[in-house]
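Novice: Structure below; questions to follow.
Bear in mind that the values in this text are calculations on the coordinates, not laboratory data. Every value quoted in this text rests on a predicted model; they were computed, and no experiment measured them. Using ideal geometry, Cβ is built from the backbone for each residue, glycine included, and neighbour counts are taken over all protein chains shown.
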Amino acid sequence: MALPHNPTPYGLFGRDGEVADVQCALNMPAVRAVITVGAPGIGKSAVAEAALSRAAAAGTLTGRAQHRIGAVGDDLGPFLSALEQAVGAGLDLLHDPDAGLDLLARGLGPNAALLAQDSAGVFRLFRSLDPGEASSLRVNGERVFAAVFLVLRWLLGFGQPVVLMIDDWGR
């Protein structure tokens, strides 16, 4: 017996309609967030991952992260991780990624070092910078949001859509 052809990743069979719906929403300029809700185990994450993979293949700057279940007070961590991956995807497009990262760091000023504190990705390269008055992400919420805004503006300079996926956020 031959298995049916599966054009979507992650073993999705018969979910092309849902993946297409998510992709359609991601492609709408007025849409700023797509939220999938449903019972555990019905395939929300797989559908979102498939749509995100297709978006990345089409040139979208993407990042993905998973919220750790039971991680109290770390709501920003997965978002920053996904944002960091999108920055990495943007740097991959540059002829001189080091110069691009340096330009981003200069634009962020002392907030660059603040983003580096809990980083495992490209933001960790900002650790050698002077953090100014930075003590922690939690204490410097306003500075973190200012830094995130500047990073998003930098990403938009690539002229590509930016899509971040945070799985299990709010669980």
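Novice: Under a point spin-label approximation (7 Å from Cα along Cα-to-Cβ), what is the A39-S53 distance to one decimal in nm?
Specialist: Computed distance between label sites A39 and S53 equals 2.6 nm.
Novice: Which net charge results for the neighbourhood of P161, defined as the other residues with beta-carbon distances under 15 angstrom from its beta-carbon, given Lys and Arg at +1 and Asp and Glu at -1?
Specialist: Details: positive: R32, R54, R64, R153; negative: none.
The answer is +4.
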